[in-house]
Structures are given as structure tokens and as C-alpha cells.
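Reading through the C-alpha cells given below for one structure.
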Amino acid sequence: RVGTTSYYYQCEGDTTPNQPTLPLHSAWLMQVTITGSAINTVADLRKLYPEGADHAERFASFAAAIDEYNDAGDPNITLSVSSRMHVTTNVTISSNIRLVFRAGGLLDIDSGVTVTMQGRFDCQQHQQCITGSGVITLTRDAAYAVYPQWWGATQGANNTAAINAAITAASAGHRIELT
């Protein structure tokens, strides 16, 4: 948590998994199970991935999240994007960062801004994860294939802009898949 306020909730006999809404710029760090008045177990939620994980929303901006881990010499990190994140400055994402888009995760890239992705880019094939008039470029190692759906292409619509954005993003050797 950024700041000094802690957040917790009690189940009070409710055994359904129902975490409360996480406050802005926060991340779950641990799960503590209390039985009676004693701590029963403590789970470190920062180790959900073998190489470590963090949430882009925890930072003041997308660029700040990338700056935190943007050194190919640093350990590998999985950085989740779960909401719309505005990208207002050019960003190069180094090879140690794996960018994962959760449901609702979206990079909104401003006009004239370029995002260069050298690390792994994980977005579901039919999920829109990029919007805005800026540009993203993917190195060959970032993704096996590039999908216009990442820019909002849908069946039965005029998808010219999304297809052109996919072509612009692709490097030599990428497949652009229209499904």
C-alpha cells in the first residue's frame, strides 16, 4: 500500500471468496488467516509468479511502473494491467518485463507517443488491450503473433484502423492473424 493506511476485512462466517475492491494505487501483499484470536497462516501474494509480480495500477502512471523495473539486468517481473492506463510519454519496456493484460486492462496511447515492447506481451487473442492514436511496436520476442483484435477489431465492422495498427506494431517475422 502506498501510504500508511492498511486495509482488511473479516469473513464473519462467510466462507465465499469475496475480497473487497482494492483502493487505487494499492496491491494485495499477503493473506492472513485468523482462527479464533490466533494467526493461523500467512500467504505471500507477491509470489504468485515464479519471477515476481506487480500491478501497473499501483504506480502514479504507466511510465512510472515501467521505470521501476525497466532494466534488462534486473530480475524478471510480471506486470499486470487491469484497467485503462494512459500512456503520455514514449516508453521502452525492457526484456525483463512481461506485460500481462487482465480483463479490463488497456493501454491508451496518446497521439505522437510510441511504446516499444522488448519483453513478453500477453493479451488474449480476442481482447482489446490497446487504444488511442499512439503506436506500439513489438519486437519478435514480445509475441508470436499480432492480432487486430488487440486494437478493437470485431467481426462485421470496418477494421481498417485496427489492421493497420497491427501491421505497424509487427516486426519482421511476426504473423498477423485475422480470426
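The values are calculated or read from the model by the stated rules, or taken from the named source; none is laboratory data. Keep in mind that what you see is a predicted model, and the values were worked out from it rather than measured. Here the Cβ positions follow ideal geometry from the backbone for every residue, glycine too, while neighbour counts run over all protein chains shown. Keep in mind that these areas ignore ligands, DNA and RNA; they rest on the heavy atoms of the full protein, side chains included. Shrake-Rupley method; radii C 1.70, N 1.55, O 1.52, S 1.80 Å.
Computed quantities for the displayed model
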item: Residues of segment 141-179 classified as surrounded by 18 or more Cβ atoms within 10 Å (Cβ to Cβ) and at pLDDT below 90, total; result: 3
item: For THR131: the one exception among (1) polar (S, T, N, Q); (2) over 19 Å from ILE176 (Cα atoms); (3) open to solvent by less than 40 Å² (accessible area, probe 1.4 Å); result: (2)
item: Condition broken by GLY156, with the remaining ones in (1) more than 26 Å from ASN76 (Cβ to Cβ); (2) in contact (Cβ under 8 Å) with a residue 24 or more places away in the chain satisfied; result: (2)
item: Every residue from segment 88-136 that is of a type in the set (Val, Ile, Thr) and within 13 Å of the chain's Cα centre (by Cα); result: ILE93, ILE97, VAL100, ILE130
item: Whichever residue in segment 64-95 is open to solvent by 30 Å² or more (accessible area, probe 1.4 Å) and aliphatic (A, V, I, L, M) and, among such residues, is nearest to LEU106 (Cα to Cα); result: ALA64
item: LEU138 vs. criteria open to solvent by less than 30 Å² (accessible area, probe 1.4 Å) and either in contact (Cβ under 8 Å) with a residue 12 or more places away in the chain or among the β-branched types (Val, Ile, Thr) (or both); result: yes
item: Only listed residue being more than 18 Å from ILE176 (Cα to Cα), free of Cβ contacts under 8 Å to residues at least 24 places away in the same chain and assigned to a loop (DSSP other than H, G, I, E, B), chosen from GLY73, GLY119; result: GLY73
item: Residue list for segment 148-175, filter: over 20 Å from ASP108 (Cβ atoms) and assigned to a loop (DSSP other than H, G, I, E, B); result: GLN155, GLY156, ASN158, ALA170, SER171, ALA172, GLY173, HIS174
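Yes/no matrix, rows are residues, columns are (1) basic (Lys, Arg); (2) at pLDDT 55 or above; (3) more than 14 Å from the chain's Cα centre (by Cα):
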site	(1), (2), (3)
VAL2	no, no, yes
TYR7	no, no, yes
VAL32	no, yes, yes
PHE59	no, yes, no
TYR69	no, yes, no
SER80	no, yes, no
SER83	no, yes, no
